[in-house]
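Colleague: One structure coming up, written as structure tokens, with questions to follow.
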Amino acid sequence: ARSHADSSINERRLRPVYDYLDNGNHKKALQEAEKLLKKQKDFSCAKALKALALVRLTRMDEAYATLKELQQEAVTDDPTLQAMTLCYRELERPELIVEAYERASQKEPQNEELLTHLFMGYVRLGQAKQQRHAALALHRLRHKNPYYFWAVMSLVVEAGQPDTSAVERSTLLLLAQRMVDKFVKEGRLEAEAEVQLYLMVLEMQEKYQEALDVLEGPLGEILTSYLDFVPQHKVELLSKLQRWPQVNSICKSLLLDNPDHWLFYQLYLDSVEKLQASGWTPETQSEKEAELRPRPDHTFELALDFVESLTGAWTSRPGSSVLRGPFMARISVLAREGAGTSRDLLVGLLMEFFERTGHKASCVLDISHLLSSFTFSEEDVVRLLDKMEDSLKAALPDTWHVPPDVNTMQRHLTWCQLRYYLTRRDAPPSKEQRLQLVRDLFESYQNGLRFGIGLLPTDFQPSDNYAILAGCILLDVWQESGDNRVLLWLLAALERALLNSPSCFQLKLLLLKVYGRIGAATACQRLAELLDIKHIQHDTLGYLVTPVFLKAGHLQAAGTNMNSALKLFTGNYKDTTDYLISCYKYGSFTKIQEIVRFRERLNNSLQFATLTAEKMILELLLEVKSQESLKQVMSCLEIDPVHDKTAWHELRDNRDVQIFREWGASRKKLLADALERSRQEEVMWLRIRNLLLRLLAAGHALTQGGLQRPVGRHADHGDDGGCQANGERPQAGLSVLCDLLGSLGELTRELDASTLASPASCFPVQCPGPSRLPLFVGGGCLRTLQGLFHWLEQLYRHCEDLPVESVPSEDSKVRDNLVPLVKSLVSDVRAREVKSLLDAQMYLEQLVNLAEVVGWCSLVLTVGSTIVRPTRNAVTRKGKKKKEAATDEVALKQFSLLLAEVEAVAAEARSLVGDSRVVLLAPLMATLSVEEEDPILPSTGDTAKDVHQRIEQSYEESLKELGALLDTKLKLLRSLH
């Protein structure tokens, strides 16, 4: 009773501190906590809250000192430990949370709550072995099943860790199985989650028969029967055991209950194919197989009879809806029979399927799936499409392309979509024919709008897919011709369709792709906001937005977008850890491995790695305005020049291209090839960005006292002799720089030998846009930066009186050509012709590359200025040896020459950016008009003007931001004299 009274008194005293912390008044909270501590020095909770206030006031040293006192006291009361946990979370030190609970549980080993918190702390750190020990300690203290199975799951997690060997994995899983076996023998399994964990352990060891015995035994009755979990799981296990008669029988029983489940049909037909191939017959069946009900079908003839019986049984029911599954299965059975089936029969069945289900939006997907899954020739596809067209015309001879009702409209739309996606792409119709087709599609679209009158803004219009299909065709025409009028028709028509259907994400995505292709970043930003891309979509769909901002020079928007996206990745570990803890609390063991895999997939995301590098480069370009600010930014970025922290072999490309529909098999192959090429280029681009950042960090480190590292493979770069720099051997840091230069040289040669895709080539609408790599490498930017860092190395050698290489090499040629390379950057941009908006996008991208190279030059020259500063001072002093004085003069001459050239190039680039608005973009935008043309979609004149304005505003914003960046770099360069 006295303890309870003391607790109530303490809680009342602490209430003001909690209130101030909750309200954000941390200074007042600190004062209140200190008042309490003056009255009661050993008030541990007040100390913890004081530490929390100090953390939030960014007085970290004092906070750590206070927390260290509490750690030494080994406090055990929950309010204090919870406050300490908050402190360590905000300090991002989860290991100290575990340390606090370890001390507390050692002091009170019988405290169940402390041990539970300790277990969850180990989960946060991913320490599976310690998890197991904590869980077993809990089970010894309180004989509860959940604690025991926490230990079992900890063994499974430990077995799944990357550093666990095959032998250790086998041992750990066997131990987990024996632990569960013990409970099974004692009849102590109580919950469904425990049985599922048992199944998981058995399947991870590939003990499928034992897992099947569990499902068929009394433990299987504990499992829930929702969504046919047990039968489906049995089918999976039997398939792995290759027991096809049982698979066939179970699938038949499932189909009798649910005759429209396509997955069951696929498993059923696979089992029929296996049985027929193996020659299995009822005469050769075992005694156990003879008891199977329903009886297995071992030939396609029997399978066809079964499927037709399903069709007849269902259609005979009064009021039954049209089922797709049995009809698709019937076609699949006949198609799998191969040579014995007439192609005319299959085409006829597909036509019958179209007649029955053509009014459903799913019909186009079903037919395209069947056509791509089996060997249908081009002639078969053309005959099918002709039959569909004849059917539509027979029903409505005069108005078949402007149907009078929704169902007829959907049948016509299905035919239009199949005609586009399934016909050959190597010999497309002429431009005029395709434009006429687009006009017809938009006429059908306009006609279909009357069926959507009165729909909510969140509903899709029934005719939206007409506009999307017409947009894809127009996009093909524009990419082939580069005609600005076609582009304006495309954008105006899609924008008008979006006004009619504000929630249609496919329209937004298509517009986003087209605007991105011409570098209209402002319009892309508007569409990204309409799409409301957030959370995991930053990883899967971020490739549609961020690269557009960077290539168009919208640096502020790019920075904002990258900040939002990086929050997902940086918070990934914390968020998924919370999910893991919830899984342990509620017994969702089957989700734990899934969450761990999800976390690793995000951690190894190519998008994450690219965003991190691009954000660092953007901060360097925008924030560095002096030598002091360079030092501050480099300190904040914490770039490690010695160790490459990117796990290149584990990078995952999580970009979602399937959000754009594609049904043709030939186009799927084109997409797969383009996607793989895009992935390779993005990885190569990331390697370049990482090397440039590490090179700058290595150069900056030379000005801060060098780096400590073991002698690497470039030990021959002056390892013997040389003067001391800041009390350290200067060669240590120089060796790192030389290693990185060697890596950059190898990468440059690798890129020179490879064939990069032309950025002007046509891309499938599903594929990510062209990488920045081709223009950056082809425009000489990479060679320029390579020469720039070689120049920095030589400058440092001269200033430190280190040996300079005397044998010319490929890299030294690049360095010697640095000044001509820098000068050529502006002339290359001036020489580019801008005849279309696609040319305008590439022109802007080259301007961005030019501005970025100027930015890199200013950063390296800022580092060089710090290196030559002692040399400048030394030249003015008397008494130096002639050799030393000559070396100093060479270094100063090198620095002054390059500084003058880069400053001249920066000034010329700034002038070029200013002239671009008048000389190039204004005349181009003046040609972007359809006032005298027949628009594709009627009444889009105002929309076309809006599109014109958005594109023009976007280009002006690009030039404005690039001009501001170059002004900043010019100011920085002038300050280095």
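The values are calculated or read from the model by the stated rules, or taken from the named source; none is laboratory data. Keep in mind the model is a prediction, meaning the values are calculated, not measured. Backbone-built Cβ (ideal geometry, glycine too); neighbour counts: all protein chains shown.
Colleague: Return the pair list, or none, for Cβ contacts closer than 9 Å from residues in the range 935-947 that are among the small types (Gly, Ala, Ser) and surrounded by 23 or more Cβ atoms within 10 Å (Cβ to Cβ) to residues that are modelled with pLDDT under 75 and part of a loop (DSSP other than H, G, I, E, B), at least 6 apart or on different chains.
Modeller: 944/929; 944/930; 944/931; 944/935
Colleague: May I pose another question? Is there a residue in the range 733-756 that is surrounded by 14 or more Cβ atoms within 10 Å (Cβ to Cβ), modelled with pLDDT under 90, of a type in the set (Gly, Ala, Ser) and assigned to a loop (DSSP other than H, G, I, E, B)?
Modeller: No, the range 733-756 contains no residue that is surrounded by 14 or more Cβ atoms within 10 Å (Cβ to Cβ), modelled with pLDDT under 90, of a type in the set (Gly, Ala, Ser) and assigned to a loop (DSSP other than H, G, I, E, B).
Colleague: Regarding residue 654, is this residue among the polar types (S, T, N, Q) and assigned to a loop (DSSP other than H, G, I, E, B)?
Modeller: So residue 654 passes the test.
Colleague: As an exercise: evaluate residue 201 against (1) under 41 Å from the mean Cα position of the chain (by Cα); (2) outside the structural domain of residue 144 (by TED's automatic domain parsing) and give the number of the one condition it does not meet.
Modeller: (2)
Colleague: Being touching a residue at least 24 places away in the same chain (Cβ under 8 Å) and over 30 Å from residue 868 (Cβ atoms) is the requirement here; does residue 644 meet it?
Modeller: no
Colleague: Still on this structure: Does residue 74 satisfy being on the phi > 0 side of the Ramachandran plot and either in contact with a Lys or Arg (Cβ under 6 Å, 6 or more places away or on another chain) or aromatic (Phe, Trp, Tyr) (or both)?
Modeller: yes
Every residue, every condition in (1) assigned by TED's automatic domain parsing to the domain that holds residue 118; (2) assigned to a helix (DSSP H, G or I); (3) at pLDDT below 95, yes or no:
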{"position": "3", "(1), (2), (3)": "no, yes, yes"}
{"position": "36", "(1), (2), (3)": "yes, yes, yes"}
{"position": "50", "(1), (2), (3)": "yes, yes, no"}
{"position": "58", "(1), (2), (3)": "yes, no, yes"}
{"position": "72", "(1), (2), (3)": "yes, yes, yes"}
{"position": "75", "(1), (2), (3)": "yes, no, yes"}
{"position": "81", "(1), (2), (3)": "yes, yes, no"}
{"position": "84", "(1), (2), (3)": "yes, yes, no"}
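Colleague: Can you say whether residue 774 is in contact with a Pro (Cβ under 6 Å, 6 or more places away or on another chain) and part of a loop (DSSP other than H, G, I, E, B), as far as the supplied structure shows?
Modeller: no
Colleague: Hey, residue 206 hits all of (1) crowded, with 17+ Cβ neighbours inside 10 Å; (2) at positive phi but one; which does it fall short on?
Modeller: With respect to (1) crowded, with 17+ Cβ neighbours inside 10 Å; (2) at positive phi, residue 206 is out only on (1).
Colleague: Could you look through the range 802-835, keep only residues that are over 18 Å from residue 891 (Cα atoms), among the acidic types (Asp, Glu) and part of a helix (DSSP H, G or I), and pick out the one that is modelled with the highest pLDDT?
Modeller: Here the residue is 828.
Colleague: Considering only residues that are in contact with a helix residue (DSSP H, G or I) (Cβ under 6 Å, 6 or more places away or on another chain) and surrounded by fewer than 21 Cβ atoms within 10 Å (Cβ to Cβ), look in the range 893-902 and name the one that is nearest to residue 972 (Cα to Cα).
Modeller: Among residues in the range 893-902 that are in contact with a helix residue (DSSP H, G or I) (Cβ under 6 Å, 6 or more places away or on another chain) and surrounded by fewer than 21 Cβ atoms within 10 Å (Cβ to Cβ), the one nearest to residue 972 (Cα to Cα) is 899.
Colleague: Condition first: in contact (Cβ under 8 Å) with a residue 12 or more places away in the chain and small (Gly, Ala, Ser). Now tell me which residues in the range 221-253 satisfy that.
Modeller: 239, 249, 253
Colleague: Filter the range 352-405 for residues that are more than 29 Å from residue 452 (Cβ to Cβ), assigned to a helix (DSSP H, G or I) and in contact (Cβ under 8 Å) with a residue 24 or more places away in the chain and give the result.
Modeller: Once the filter is applied, which keeps residues that are more than 29 Å from residue 452 (Cβ to Cβ), assigned to a helix (DSSP H, G or I) and in contact (Cβ under 8 Å) with a residue 24 or more places away in the chain, the range 352-405 yields 352, 370, 371, 372, 373, 378, 380, 381, 382, 383, 384, 387.
Colleague: Give the residues of the range 275-313 that are among the small types (Gly, Ala, Ser) and either surrounded by fewer than 16 Cβ atoms within 10 Å (Cβ to Cβ) or touching a Cys at 6+ places or on another chain (Cβ under 8 Å) (or both), sorted by residue number.
Modeller: 277, 278, 279, 286, 290, 309, 312, 313
Colleague: Picking from 175, 155, 115, which residue would you name as being of a type in the set (A, V, I, L, M, F, W, C), out of contact with any strand residue (DSSP E or B) (no Cβ under 9 Å at 6 or more places or on another chain), surrounded by fewer than 20 Cβ atoms within 10 Å (Cβ to Cβ) and modelled with pLDDT of 95 or more?
Modeller: Among 175, 155, 115, only 175 is of a type in the set (A, V, I, L, M, F, W, C), out of contact with any strand residue (DSSP E or B) (no Cβ under 9 Å at 6 or more places or on another chain), surrounded by fewer than 20 Cβ atoms within 10 Å (Cβ to Cβ) and modelled with pLDDT of 95 or more.
Colleague: Right, another one. Identify, please: which residue in the range 217-229 is surrounded by 14 or more Cβ atoms within 10 Å (Cβ to Cβ) and touching a helix residue (DSSP H, G or I) at 6+ places or on another chain (Cβ under 7 Å) and is, among those, modelled with the highest pLDDT?
Modeller: 219
Colleague: Assess whether residue 455 counts as being part of a loop (DSSP other than H, G, I, E, B), surrounded by 14 or more Cβ atoms within 10 Å (Cβ to Cβ) and either in contact (Cβ under 8 Å) with a residue 60 or more places away in the chain or of a type in the set (A, V, I, L, M) (or both).
Modeller: Yes.
Colleague: Still on this structure, please answer the following. Considering the range 98-155 alone, what residues qualify as being of a type in the set (S, T, N, Q) and not in a helix (DSSP H, G or I)?
Modeller: Across the range 98-155, the qualifying residues are 110, 111, 127.
Residues are listed down the side, and each one gets a yes or a no for (1) touching a residue at least 40 places away in the same chain (Cβ under 8 Å); (2) assigned to a loop (DSSP other than H, G, I, E, B); (3) farther than 21 Å from residue 771 by Cβ:
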site: 528; (1), (2), (3): no, no, no
site: 535; (1), (2), (3): no, yes, yes
site: 543; (1), (2), (3): yes, no, no
site: 548; (1), (2), (3): yes, no, no
site: 558; (1), (2), (3): yes, no, no
site: 567; (1), (2), (3): no, no, yes
site: 579; (1), (2), (3): no, no, yes
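Colleague: Moving on to the next point. Pick from 193, 211, 277: which is in contact with an Asp or Glu (Cβ under 6 Å, 6 or more places away or on another chain), assigned to a helix (DSSP H, G or I) and small (Gly, Ala, Ser)?
Modeller: 211
Colleague: Out of all the residues in the range 638-652, which are buried (at least 18 other Cβ atoms within 10 Å of the Cβ) and either under 30 Å from residue 364 (Cβ atoms) or not β-branched (Val, Ile, Thr) (or both)?
Modeller: Answer for the range 638-652, where residues must be buried (at least 18 other Cβ atoms within 10 Å of the Cβ) and either under 30 Å from residue 364 (Cβ atoms) or not β-branched (Val, Ile, Thr) (or both): 641, 651.
Colleague: Then there's this: Can you go through 71, 31 and tell me which one is more than 27 Å from residue 137 (Cα to Cα) and polar (S, T, N, Q)?
Modeller: Selected residue: 31, the only one of 71, 31 that is more than 27 Å from residue 137 (Cα to Cα) and polar (S, T, N, Q).
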